[in-house]
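Have a look at the structure below, then the notes.
All of the numbers you see were taken from the coordinates with simple rules; none came from a lab. Small disclaimer: the values here were computed from a predicted structure and weren't measured. Please note: Cβ atoms are built from the backbone with ideal geometry, for glycine as well, and neighbour counts cover all protein chains shown.
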Amino acid sequence: MSHLKVYQYPKCGTCRSAVKWLKEAGHDLELQHIAEEPPTVEELRVLLANSGLELKKFFNTSGEVYKNLGLKDKLPGLSEDEQLALLSGSGMLIKRPIVTDGKKVTVGFKEEQYAEAWSQA
């Protein structure tokens, strides 16, 4: 199959499920620990552009960091640059896993979405 980069948190059950699914589909994976080495602002810009998603979809809204920072109320008032800086500053703020082949991007893990995005890759 293809080489995919996976931004993931090894202790996250969703990430483990996604990695297992991708390996079983025959992909060669480059795993990046999202908390120890979060994507840079520039990497996030590329991921965002290739994902076709709104920036708010990249936030882990159920995570403690998001809640502790009160981002539910603050996020709408922040610029894209400020939001990207927040994400690159704390990998735990990022919804995971993020999977990319350099062109296509998925955020989170839903088996149907992966089957559509990564079965043909």
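Quick one: Asp101, Asp73, fewest Cβ neighbours within 10 Å first, how do they rank?
The most exposed by this proxy come first: Asp73, Asp101.
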Label Ser17 and Glu64 with points 7 Å out from Cα along Cα→Cβ: what is the distance between them in nm?
2.2 nm
Quick note on Arg16, Arg96, ordering by fewest other C-beta atoms within 10 Å, gives Arg16, Arg96
Once the convex hull of the alpha carbons of the chain is built, what does its volume come to per residue, in cubic angstrom?
95 Å³
Expected output is a single nm value to one decimal: the length gained when fully extending between Lys104 and Glu36, i.e. 0.36 nm times separation in residues minus the C-alpha distance. What is it?
22.1 nm
Given a Förster distance of 30 Å, the FRET efficiency implied by the Cβ-Cβ spacing of Ser2 and Glu80, rounded to the nearest 0.05, works out to 0.55
Quick query: amide H of Ile94 versus all other amide H atoms, modeled in the peptide plane; which residues come in under 5 Å with a sequence gap of 5 or more or a different chain?
Asn60
For the range 26-40, take each phi angle, set θ = phi - 60°, evaluate the Karplus expression 6.51 cos²θ - 1.76 cosθ + 1.60, and give the result in whole Hz per residue in order, putting x for glycine and proline.
x, 7, 8, 10, 10, 9, 10, 6, 5, 7, 7, 9, x, x, 6
Tell me the label-point distance for the pair Lys72, Ala115, using the 7 Å Cα-to-Cβ offset, in nm and rounded to one decimal.
3.4 nm
